[in-house]
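Novice: I am attaching a structure below and will ask some questions about it afterwards.
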């Protein structure tokens, strides 16, 4: 299982960080399962399905659990990028790079498209994030966080994910 942070903005404009828990079941039927206390509107459900459709999962089932402390509506497609990264990492045995966060909508061509409320999403990760992936042309200058613009899923995977053996070998060398 892998855990991925999701940036969200509550009604009233307050940012929050939710957590995705993603698991892959290798002997499945290639299906997506989703569990959440939170309500997903049609845009968010479409974002989840689009992220899943861009993966080659074969017969692996993907289980996504969105963990949140509050009951509210996740009414945006901007969680598509973190959910894609989490599913991709889970089926390939990768991990999220330490301190990496992301936000971005994804179209059916795998292009990362603009998000709303970016300033509030940045505010909520200040002091937590080392790197934040954002859609191309949406970077804001922020002290203390490396803001990385990504245009497609390949770029996002490169900047956000790491092979866990690389982490352990780097730790062993130090």
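Novice: Please find, among 8, 24, 44, the residue that is touching a residue at least 24 places away in the same chain (Cβ under 8 Å) and touching a helix residue (DSSP H, G or I) at 6+ places or on another chain (Cβ under 6 Å).
Specialist: Result of the check over 8, 24, 44: 24.
Novice: Only one of 86, 77, 116 is assigned to a loop (DSSP other than H, G, I, E, B) and under 13 Å from the mean Cα position of the chain (by Cα); which?
Specialist: 77
Novice: Can you tell me how many residues in the stretch 103-116 are buried (at least 19 other Cβ atoms within 10 Å of the Cβ), within 14 Å of residue 9 (Cα to Cα) and touching a residue at least 40 places away in the same chain (Cβ under 8 Å)?
Specialist: Within the stretch 103-116, residues that are buried (at least 19 other Cβ atoms within 10 Å of the Cβ), within 14 Å of residue 9 (Cα to Cα) and touching a residue at least 40 places away in the same chain (Cβ under 8 Å) number 2.
Novice: Taking only the stretch 19-48 into account, find how many residues are modelled with pLDDT under 90, crowded, with 17+ Cβ neighbours inside 10 Å and in a strand (DSSP E or B).
Specialist: Selection size over the stretch 19-48: 1.
The values are calculated or read from the model by the stated rules, or taken from the named source; none is laboratory data. Keep in mind that what you see is a predicted model, and the values were worked out from it rather than measured. For neighbour counting, all protein chains shown are included, and Cβ atoms are generated from backbone atoms with ideal geometry for every residue, glycine included.
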